[in-house]
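Each reported figure results from applying straightforward, stated rules to the coordinates on display, with no laboratory input. Because the structure is a prediction, the values reported are computed rather than measured. All Cβ positions, even for glycine, are placed from backbone atoms using ideal geometry, and neighbour counts span all protein chains on display.
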Amino acid sequence: QHALKLGYRHIDTAECYQNYTDIANALQSMQHRSLSVSPVEHDEKAKNDDDTNSIHRKDIFITSKLSPRSMKSEQSVESAIINCIKALKTPYLDLFLI
């Protein structure tokens, strides 16, 4: 959360870093809008919002990575991506490295 307040906008994460919960908590505490909207929906809502102090999901670039143990099958890769998104409590990732 402190890094976001200082202006950091790229978050690098991975399951092995064990930081999904901390990042999810920081994102939720810094945002006053729902994370469940898409970037396009978010832009439309932002036009009508005067809250200039909040940090919005569309302004943050989140990267995560596939754990080697999740490379067993196409299904395990898909599951890893879905679990990452759920753990981070965000509707999407900007980059997922495989």
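Tabulated data
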{"quantity": "Cut-off under 5 Å, modelled amide H: who pairs with I62 long-range", "calculated": "I11, D94, L95"}
{"quantity": "Burial ranking of peptide ranges 1-7, 66-72 (average Cβ count within 10 Å, highest at the top)", "calculated": "66-72, 1-7"}
{"quantity": "Y92-T21 pseudo-label distance in nm [points 7 Å out on the Cα-to-Cβ vector]", "calculated": "2.9"}
{"quantity": "Residue-count net charge about T13 - beta-carbon cut-off 13 Å; Lys, Arg +1, Asp, Glu -1", "calculated": "-2"}
